[in-house]
Structure formats: C-alpha cells, structure tokens
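Below is one structure, written out as structure tokens; the observations come after it.
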Amino acid sequence: MKRLFVFLVIAGCGQELPHESSILFSEVETAIAPTVCGADNPTQIIEVNGTGLALFDFDNDGDLDLFVVNASSEPCRLYENIGGESIGFVDVTERLGIDIRRWANGVAVGDANGDGFEDLYITCHGQNYLLLNHGGTSFEDATAIAGVGDSGWGTSARFGDLDGDGDLDLYVCNYLEYDFDAPPIRAKYKGQSVLGGPHGMTPEKDIVYENIGDGTFQDVTESWGFLTEPSFTLNAAILDFTGDGLQDVFVGNDSMSNHLFVNTGETPTRFENRGVHSGVATNGDGSMQATMGIGVADVNGNGRPDIFTTNFSSDTNTLHINDASGYFDDRTKWYGLGLLSRSLLGWTCGFHDFDLDGDEDLFIVNGHVYPEATMNTMDSPRNQPALLLKRNSDRFERVALQGEFRDRAAVFGDLDNDGDIDVIVAQRSGDVRVLRNDSQHEQPWIIQLQGDEKNPRGLGAKLLVTFVDGTTTTRWNTDGFGFQSSSATPKHLFNKPIKIIEVVWPNGDKQTVTKIPSNGVCIILQRP
Amino acid sequence: MLFKNQNYLTYKSVLMVLLLMVTACKQQQPEQAEQEKLVSGLKTQYDLINGGNTGSARVRLRQYMVKHGETSQPLFLMGLSYHNDKQYSKAIEWFTKSIESNGDTYSLVWHFMGWSHYYLGESEASKKSFDTFLQTENGEPDSMFALGLIAMEGGDSKEAKSIFLLVISSPIANTSIQAKAKARLADVYVELGDRQHAIVLYQEAVKQNPNLYEAWHRLATTLQRVGKNAQASIALHECTLARNRVRPDLHRTTRFPE
C-alpha cells in the first residue's frame, strides 16, 4: 500500500539539470516497527548512533527480508518479505527463534558456516551475538561455540575472506568504553551544552576473527597485524583495495586517523596498516574526520575501488580516489561532493545506479547527533534530508528529496524484484521507511554471482563488465558497508547488453564469461 | 557573472591589475580601509571581536544599538562576532539585518556574508555575496580567493586556476593570502596531472606561510606520489608541527569540526 509519494523533483540548487529522466521513489507503508535506541532526546553518547539494518534472503526464497536492530529491551526483529511483486513484510522474529534483547547496535550478514544460508552477527554494547541460520527455519545462538562474543561497544561488523581460504572471517568495529553508571559529563559544541564524548573517553580496540572452518573462530587481531592504537571505530569495508587479488580492510575511525590494512599476501596471513601512506587516514588537508558511512565504487572508471566517507556537520564528506598505485587522492571538491554536505551529518551511504542510466548515483542518509542542533545554534539541524546525488558525467548533482529525518542506517536492494534498487532507511529511535524505486526504465541486464560453498554470495568478488558497445564498468560484490548495517550482496543491474564478464573471486581465482544468456540474466557460479 | 569566459577574464585581468596598482600605492588593504570607516564608538567592540572576546563585544554592541540605533555598522559587527565564533547561520542573520538597515551598507558585510555562506555549503549565495563585494572592492584578494574555491567545487579547474593566478599576482594580496592561493592553485595542478608544478607551488606556499598545515599535508602527499618519500616524511612532520601551532585543538584525541 502506498502511503505517499515522496519524491522527486529534479532540483538543481543552481546546477544544470540532469539530462536523463528523474529518479523516482515512493514511500511504502509497511508493518515494520520503529527502531528503539534510547530516549527521543538522547542525553548520552550511547544513544546517538542509532541501530542498524540487514537486508538479506534468510530463507533463500528469492526475495529480500529485513532484520532490524534495537538497542533496548525491545527485541531485534526479523521481517519476512511477503510481497512478491509488491512490498510487504511480516514479523517472523519469534517464529524463527530470535530473542536478542540487548543494547544492540549493528548487524553483519554472512554465511559463517558455509551451509548456504546467511547468518547474522549482531554487535552490542556488551557481548555480541552470532545467530546461525538453520535452513531458513530457525536461528540459533552460536556465539559461545564460535567464540565470537566480544564484549566491547560493537558498532559495525563485516564478513570477508581475509586470508583467502574461501570462508568468511569477521572484522568487528569497537567504539569506546562506556559505563552506563558513569556516563561522561556534558561537553560544549559551538557554544551549546551537549552530551559528552567521544572526546575524553577511552577508545576500544577492534577484533578480527579468523573462521577456522569447523564452526569456531579464532581471535587473530594481533597475529594478523591488526593490533594498533585503539581508535573510535565506527565502520569498516573489506575489499581488494590494492588490486592484488587479496582482500584488504579500510577502517573508519571517529575523529581519529582511518586505517587501511593491506593484505601482504604472506604466509601466515599478515596485514600492514598503510592508512597514512595511502592517503586515506585523513582528508586531503590532513584533517581527521568522523567516518560513519563508507561507500565504495569505481567513481573515476579506472577499475579500482574508490572510497567515499560521510562525516560530521561543519565538515565535508570525502571522496578518496584510488589511483591504482597504492595511493588515494582526496578529490571531493572536483566531483562537487564537498560543500553540499557541510550542514549535514552523514551516516550510511551507498552507490547504486538508481535510474539505470549506466552510472552509479549516491544516496546518503543524514541526521544530527545532538538534539539541541538547529541551523541557528549549530549550523546544522537535528532533522535532515537524505541526499540523493545523481551522477552526471564527472559530477554528482543533487536531486531534491522531501522530508527531514534523524536517519542513521540504510540498506539497498531490489525488494520487489522489478529490476531496480529500492532503499530502506532507519531513523535513530524512529520510523523505518521503505522507499520503492519507481523510476522508469527498460528491463535491465542482470548479473548475480554465486560463490563456492564457503562463501556462497561471493562476498568480496570483483566484476569487470564489457558491454557490446565496447564500454566497460567495474562493480564489487559487497554488503554495501552501511553504517552498522549490511545489505544483500547485490544483483548487478545494467542498462545495456553485456558482451564479456570477468570475475575475480575473493580467493583470487579469475573467471571469464562470454556466453551471455539471451534473457539478460546471468548467474555466474564460481568454478571449483 | 565574474570570469564567465576567457575573453572577459583577460579583459578583466588587465583592468584589475591597473586598479590594483593604483590601490597598492595607498599601501593599504581594502579590509583595513573599510575598518577605518568604522565610527569611533565601535572601535572597542571591533577590537574585542578580533581579540576573541565575542561575548563581551556583543554586550557592548547591544548597548551601543540601544543608544544609537540599529545601523549598518553595529549590525555588521554583531554578525562578525558570530562569524568569528564559527556560527555562520547566526552571522548571516545579522549581516542580513546590516544590509537591510537604513543608511549606507557597510560593504565589508558582503565579504563576510560570502564566507559565512561558503562555510554553510551554500556556494551560489556565497558567490553572489563575493561578487557583490567585488563590485565595490574590485580585486580584493580574499574574496577572489573564495571565488577560486567555489570554482573548484564547481569542477571548473580552468576558472579556478585563472582566479588563483590573479590573487597571487595581486599587488595588494598579503603573503598569507598569496600562500593560500598558491596552495590551492597547486591543488588545481594536481587535478590537471601536473604534480611537479604543484610541488613547486606548495613549497612556495609553505615558505610564505609555514603555518599553512593543509599545504604541508598536500605537499607531503604529492611528494610521495612522485617517489620523493624522504622529503614527503619531512613535509608530513612539518604538517604536524604547523597544525599544533595553529590549531592545538585539532591535536586533541578527538574533536568535532566547528
């Protein structure tokens, strides 16, 4: 059922109007309950980050289901997609045996035990949880057996094949030491009294778990070279950033230098932090930023993953372009991505070709952490619009979106199987909005990857697509790197006929496909 | 629109250099000249703002306005006090009042209005304000510099380059502004793929203003890109030193941008 048409008028803000048809989203009414993360007006830092979402197909029935994290005695909830060609969700939390009532924050999706069904790793303030998915009929708490119950303040987490052995290892981001009984004193920001932290608080170290392959994981943080000075980590992205076929880890730290842990390829597995050396530790001016959201795409078309990060208000988001020689250059200004974010505080972001015009657009959700925030007091309001930036040549141009929210999390995927990317957005302690993509488009060409049994979604794989017209594009199979969130590994959608598909699987294996099915849907199975 | 095209730019450049030469003979910065226009009763408030005592300045400005009325100059100074506090929305509110007040508009208000809009990310409004200011203060380097930044954000490297070159060659630009312009011109050269030229400019910038930590950082990264790692390390170290001198608050474990 459609509640209201939300969008979209192409607005320029003085910019040239996009040349293609507009992107159109409609908000769809669903039975998804609002998220809970503390008081409506937060007074403590533990409340401000909100909670995450996971979009995944838990029962392998071909549509995308939704997991909603809640940070309180209100349980985390799993919703089954029952819509078919429409969009509708029903709460199946109890039926699936899920009972997480903790101060939960984030969620990662991955097939931890290689049984073909996606499992959930839930980060909490306090012990994290691994919920194993038994054939889409129930979830079981396997935290203790797996040995992944880290008890820091977990924010985001990611699955990825860090050691190239085929199974999914786990990176857990930890923020800081927070004691509910001794919260930090209030602080000042732009002359206003605001909730305290993270300044003056003690950061916690991140944890890296190796998947042993027998249902257990091992803490390899130190032995693999991830042990650094603890930082206020909010997000991470696992991908081959250096182009050597090995999975690396970009780590986003709040107000501290980001890390880029580069996989050295040595045996035993070892990573080296090249954050400063590569240029991603700070923005181009050398300033440390907040780094809540991480978006990855080949923005400049050189076949390498570029890194976009969202940041605090009165700062700008940052686009680090990967120059394919181990370095990243801050080219935020040149793509028009700087000034427009100065009054916004950004969280989850994602690059997707929403209008199927051949290039990836950018969606960013925003909302201030301080309830006192107004334009007058902090040059940034508490409720903020999401940013939809349409790619137009070498620029990103703002498309007007209606409404202002306290958004934190977002997940992206084709909810109604109509061949375009829809969006689900969660506010901090607020409504979960389902935005159906109603953009007009032709039936797309679709590529889906199916990895081997240990990593059936092919998380971390790279796709180089050559079209019939000779042009190329590069995409990656990731969970989207949403803040405290995890999207389904994508259906890759294209607007023109495909000639050749080259896949680099996360273990480095390469595969080329030249026989493209006439129906335009190409499912590529990883060769044994 | 300023610098709309190359011909206009060339014509404008010639005119501007002539004007700047005349202005330079006065040995005075446009901002200085404007500040001297402040009525004597507002000098204390102005000094308080510049000394960082913005709260005290606002108390005295309100007292002044009760006595003398809400005229352009005290309203401008109210805006300036918030501008210096990095509260740009509030600053614009007062700058707007200043512009809309009776009597002559204190022209410097447009300059600071431009920067306030810039820091709020409002590039169109920012450009408009700077353009307005430059109509009365032709060639004022800091406003020109800001237009260069806006051109960068607009992806127009050609226009940005032309503007920064004008600022650098301006006889009335002080070394601080020249250094900033050189550093940003270097950014343009990096964008255009000319790293060697960029390195020379970054080096000139930090020589003119060793506190320009952003330029040290960009010098370091650019040196690194061309394989001069030892020099890059030195530049990175200088960046840290400069930042600690200029912005000790940034050295704290964490802070949010204000």
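The values are calculated or read from the model by the stated rules, or taken from the named source; none is laboratory data. Every value quoted in this text rests on a predicted model; they were computed, and no experiment measured them. Glycine gets a Cβ as well: all are built from the backbone with ideal geometry, and neighbour counts include every protein chain shown.
Of the numbered conditions (1) of a type in the set (D, E, K, R); (2) surrounded by 20 or more Cβ atoms within 10 Å (Cβ to Cβ); (3) under 25 Å from residue A:461 (Cα atoms), residue A:254 fails exactly one; give the number of that condition.
Single failed check for residue A:254: (3).
Run down B:204, B:258 and say which single residue is among the acidic types (Asp, Glu) and modelled with pLDDT of 95 or more.
Details: B:258 fails: modelled with pLDDT of 95 or more.
B:204 is the lone residue from the list that is among the acidic types (Asp, Glu) and modelled with pLDDT of 95 or more.
Looking at segment A:127-177 only, could you name the residues that are out of contact with any Leu (no Cβ under 7 Å at 6 or more places or on another chain) and surrounded by fewer than 19 Cβ atoms within 10 Å (Cβ to Cβ)?
Hits for segment A:127-177 are A:127, A:134, A:135, A:136, A:137, A:144, A:145, A:147, A:149, A:151, A:165, A:177.
Identify, from the list B:89, B:107, B:126, the residue that is among the polar types (S, T, N, Q), touching a helix residue (DSSP H, G or I) at 6+ places or on another chain (Cβ under 7 Å) and under 20 Å from residue A:377 (Cβ atoms).
The conditions single out B:89.
Can you pull out every residue in segment A:334-362 that is within 15 Å of residue A:306 (Cβ to Cβ), among the charged types (D, E, K, R) and either assigned to a loop (DSSP other than H, G, I, E, B) or modelled with pLDDT under 95 (or both)?
Within segment A:334-362, A:359, A:360 meet the criteria.
Can you find, within segment A:285-306, the residue that is farthest from residue B:249 (Cα to Cα) among those that are more than 10 Å from chain B (Cβ to nearest Cβ), touching an Asp or Glu at 6+ places or on another chain (Cβ under 8 Å) and part of a loop (DSSP other than H, G, I, E, B)? Talk me through it step by step, then tell me what you get.
Within segment A:285-306, the subset more than 10 Å from chain B (Cβ to nearest Cβ) is A:291-306.
Remaining after also requiring touching an Asp or Glu at 6+ places or on another chain (Cβ under 8 Å): A:291-292, A:296-300, A:302, A:304-306.
Cutting the leftovers down to part of a loop (DSSP other than H, G, I, E, B) gives us A:291-292, A:298-300, A:302, A:304-305.
Values: A:291: 19, A:292: 21, A:298: 35, A:299: 34, A:300: 35, A:302: 38, A:304: 36, A:305: 33 Å.
Selected residue: A:302.
Looking at segment A:270-284, can you tell me whether even one residue there is closer than 29 Å to residue B:118 by Cα, more than 13 Å from chain B (Cβ to nearest Cβ) and in contact with a Leu (Cβ under 6 Å, 6 or more places away or on another chain)?
No - not one qualifying residue is present in segment A:270-284.
Within segment B:183-222, track down each residue that is buried (at least 21 other Cβ atoms within 10 Å of the Cβ), more than 10 Å from chain A (Cβ to nearest Cβ) and small (Gly, Ala, Ser).
Passing the criteria: B:186, B:198, B:205.
If the requirement is being of a type in the set (A, V, I, L, M), farther than 19 Å from residue B:208 by Cα, buried (at least 21 other Cβ atoms within 10 Å of the Cβ) and at pLDDT below 95, which of these qualifies: B:108, B:147?
Going through B:108, B:147 in turn, just one is of a type in the set (A, V, I, L, M), farther than 19 Å from residue B:208 by Cα, buried (at least 21 other Cβ atoms within 10 Å of the Cβ) and at pLDDT below 95: B:108.
Any idea which residue in segment A:363-383 is nearest to residue A:423 (Cα to Cα), counting only those that are in contact with a strand residue (DSSP E or B) (Cβ under 9 Å, 6 or more places away or on another chain) and surrounded by fewer than 21 Cβ atoms within 10 Å (Cβ to Cβ)?
Looking at the filtered set, the residue picked out is A:383.
What is the residue count in segment A:397-415 for residues that are over 18 Å from the mean Cα position of the chain (by Cα) and either among the β-branched types (Val, Ile, Thr) or modelled with pLDDT under 95 (or both)? Reasoning before the result, please.
Kept after step one, since they are over 18 Å from the mean Cα position of the chain (by Cα), are these residues of segment A:397-415: A:397-405.
Narrowing further to those that are either among the β-branched types (Val, Ile, Thr) or modelled with pLDDT under 95 (or both): A:397-402.
The number of residues fulfilling the criteria is 6.
Hey, any hits in segment A:90-104 for a residue that's touching a strand residue (DSSP E or B) at 6+ places or on another chain (Cβ under 6 Å), in a loop (DSSP other than H, G, I, E, B), basic (Lys, Arg) and at pLDDT 95 or above?
Yes, segment A:90-104 contains a residue that is touching a strand residue (DSSP E or B) at 6+ places or on another chain (Cβ under 6 Å), in a loop (DSSP other than H, G, I, E, B), basic (Lys, Arg) and at pLDDT 95 or above.
Among the listed residues B:62, B:58, which satisfies the condition of being out of contact with any Lys or Arg (no Cβ under 9 Å at 6 or more places or on another chain) and within 14 Å of another protein chain (Cβ to nearest Cβ)?
B:58
Can you report the number of residues in segment A:21-70 which are hydrophobic (A, V, I, L, M, F, W, C), within 28 Å of residue A:138 (Cα to Cα) and part of a loop (DSSP other than H, G, I, E, B)?
Total meeting the criteria: 8.
Filter segment B:66-95 for residues that are without any contact (Cβ under 8 Å) to a residue 12 or more places away in the chain and in a helix (DSSP H, G or I); which is surrounded by the most Cβ atoms within 10 Å (Cβ to Cβ)?
Filtering segment B:66-95 down to residues without any contact (Cβ under 8 Å) to a residue 12 or more places away in the chain leaves B:66-67, B:69, B:87, B:90.
Next, only the ones that are in a helix (DSSP H, G or I) stay: B:66-67, B:90.
Details: B:66: 9, B:67: 9, B:90: 22.
In this case the residue turns out to be B:90.
Would you mind listing the strands (runs of 3 or more DSSP E) fully within segment A:372-478 where at least 1 residues are of a type in the set (S, T, N, Q) and under 30 Å from residue A:46 (Cβ atoms)? Don't jump to the end; show me each part of the working.
Details: elements: A:387-392, A:395-399, A:407-413, A:422-427, A:432-437, A:445-450, A:462-467, A:472-476.
Answer list for segment A:372-478: A:422-427.
Based on this model, can you work out whether residue A:149 counts as touching a Ser or Thr at 6+ places or on another chain (Cβ under 9 Å) and without any contact (Cβ under 8 Å) to a residue 24 or more places away in the chain?
On the way: touching a Ser or Thr at 6+ places or on another chain (Cβ under 9 Å): yes; without any contact (Cβ under 8 Å) to a residue 24 or more places away in the chain: yes.
Taking the combined requirement at face value, the residue satisfies it.
Could you tell me how many of the residues in segment A:233-274 are over 19 Å from the mean Cα position of the chain (by Cα) and either under 21 Å from residue A:302 (Cβ atoms) or in contact (Cβ under 8 Å) with a residue 40 or more places away in the chain (or both)?
So the count comes out to 16.
Any chance segment B:8-30 includes a residue that's at pLDDT 95 or above and surrounded by 17 or more Cβ atoms within 10 Å (Cβ to Cβ)?
So in segment B:8-30, the residues at pLDDT 95 or above come out as none.
No, segment B:8-30 contains no residue that is at pLDDT 95 or above and surrounded by 17 or more Cβ atoms within 10 Å (Cβ to Cβ).
Of the residues A:332, A:348, A:310, only one is under 22 Å from residue A:259 (Cβ atoms), crowded, with 24+ Cβ neighbours inside 10 Å and within 14 Å of chain B (Cβ to nearest Cβ); which?
Testing whether each residue is under 22 Å from residue A:259 (Cβ atoms), crowded, with 24+ Cβ neighbours inside 10 Å and within 14 Å of chain B (Cβ to nearest Cβ) leaves just A:310.
Let me confirm something: among B:127, B:180, which residue is within 11 Å of chain A (Cβ to nearest Cβ), crowded, with 21+ Cβ neighbours inside 10 Å and of a type in the set (Lys, Arg)?
B:127
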